[in-house]
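Taking it in order: structure first as structure tokens, then the write-up.
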Amino acid sequence: MRLNLSKINVKSFSKDLIAWYDINKRSLPWRNTNDPYKIWLSEIILQQTKIAQGLPYYINFVNEYPDVIKLAQASEQEVLKLWEGLGYYSRARNLHKAAKIVVNEFKGVFPSNYSELIKLPGIGDYTASAVSSFSVNAINPVVDGNVYRFLSRLIGIKTAINTNKSHKEFRSIALKLISKNNPSDFNQAIMEYGALVCKPSSPNCANCFLKKKCYAFLKSEVTLFPVKNIKKKIRERFFNFIVIKSCNHQTILEKRTGKDIWKNLYQFPLIETNSLANKETIVDQLKEIKYLDNSKKKLVLFENKSFCHKLSHQKIHYSFWLINVKKINKDQIDILDLNLYPFPKPISNFLLKFNW
Ligand code: SF4
């Protein structure tokens, strides 16, 4: 039997949580503004991203695009370039699409109203709740990973948090608990408490003001929460990038299209294989690379090894195969212009190391 919500005095719970937050909160730039545009930027950047990693991106975006009109005026390629290295690139594409909609349909005034926010691309219940509560103090509870963990332990909720029905259940509990006078600080506080006290591993139960009520702590079951369904199998893929270099310092890039990972980012021509490929396999498949003629080519494996890049549901094994040619006749780009293109992390790491 999980904890009955009536055992929690809602008023003192939110009062104590906000009091804890006032003393312990981390100072972060998006906490000093009620501009819905900047709050939205921070929320999109911080999805599935640690604060330390997202912070420089937030600063760069605010500097480069201080308002939504500037963001809408940029090209998608420029936005993806600024996002480079942060991963989950659909966030950047949706950021740009949403900025254009705000300019065209809201006269450039970024909405702070939940029902308008939720219609924008890339904005779901969490982001619409966060932006509306942090900007205009709307009573919309936020449910992120920290809130799932904290509430599941406190109340003993055994619904798997990676299922569709969990969100509705946790949101309705958070709605009962949220401070009606200060929903903005309450939302910040509940997430910060999950991040700093009720942490994923080694939560600080000894100093938690809720330990006498907490279901998981009283049952010594803290490590069993939150409950998650077993994840889907990770798909392994094998990418062979063909780096063509001409005597006059040119190369070839392709834009990734379709529904695959890294959409609209750039890469060297790719041969995808079913397993790690040796030189013979790549030589055999070079005919797939339309930029090369049929003459014999010397192929060199960069650093004599393959590399690995992990995504949430995929593990990418990748290699760079180097080919020197006299001249490239079609679609060539100057090596000096490579810094204008947004790349997935494996390619940008290669460019940092490779001596053209
Ligand atoms: Fe989380 Fe421990 Fe506090 Fe329970 S007692 S809410 S598990 S920190």
request  = Taking Gly258 as meeting all but one of (1) within 22 Å of Lys353 (Cα to Cα); (2) small (Gly, Ala, Ser); (3) under 23 Å from the mean Cα position of the chain (by Cα), write down the number of the exception.
outcome  = (1)
Qualifying positions in the stretch 165-194 - crowded, with 17+ Cβ neighbours inside 10 Å and either within 14 Å of the ligand (Cβ to nearest atom) or among the charged types (D, E, K, R) (or both) = Arg171, Ile173, Leu177, Asp185, Ala189, Ile190, Met191, Glu192, Tyr193, Gly194
query = Regarding Val143, is this residue crowded, with 16+ Cβ neighbours inside 10 Å, out of contact with any Gly (no Cβ under 7 Å at 6 or more places or on another chain), modelled with pLDDT of 95 or more and not in a helix (DSSP H, G or I)?
reply = yes
message = Condition check: among the polar types (S, T, N, Q), touching a strand residue (DSSP E or B) at 6+ places or on another chain (Cβ under 9 Å) and not in a loop (DSSP other than H, G, I, E, B). Does Asn264 satisfy that?
response = no
The listed residue being on the phi < 0 side of the Ramachandran plot, out of contact with any strand residue (DSSP E or B) (no Cβ under 8 Å at 6 or more places or on another chain) and within 15 Å of the ligand (Cβ to nearest atom), out of Val131, Val143, Val147, Val136 = Val147
request  = For residues that are closer than 15 Å to Val147 by Cβ and near the ligand (Cβ under 10 Å from one of its atoms), tally how many sit in the stretch 221-237.
outcome  = 1
remark   = If we ask which residues in the stretch 195-220 are of a type outside the set (Lys, Arg), more than 9 Å from the ligand (Cβ to nearest atom) and assigned to a loop (DSSP other than H, G, I, E, B), their number turns out to be 4
message = I'd like to check something: does the stretch 79-92 contain any residue that is outside the structural domain of Glu116 (by TED's automatic domain parsing), surrounded by 15 or more Cβ atoms within 10 Å (Cβ to Cβ), small (Gly, Ala, Ser) and assigned to a helix (DSSP H, G or I)?
response = no
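Here's the yes/no breakdown for (1) among the aromatic types (Phe, Trp, Tyr); (2) surrounded by fewer than 15 Cβ atoms within 10 Å (Cβ to Cβ); (3) over 24 Å from Glu84 (Cα atoms); (4) in the same structural domain as Tyr88 (by TED's automatic domain parsing):
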{"residue": "Thr257", "(1), (2), (3), (4)": "no, yes, no, no"}
{"residue": "Ile261", "(1), (2), (3), (4)": "no, no, no, no"}
{"residue": "Tyr266", "(1), (2), (3), (4)": "yes, no, no, no"}
{"residue": "Leu276", "(1), (2), (3), (4)": "no, yes, yes, no"}
{"residue": "Glu288", "(1), (2), (3), (4)": "no, yes, yes, no"}
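The values are calculated or read from the model by the stated rules, or taken from the named source; none is laboratory data. What you see is a predicted model, and the numbers here were worked out from it, not measured in a lab. Because the Cβ atoms are built from the backbone with ideal geometry, glycine has one as well, and the counts that use them run over all protein chains shown.
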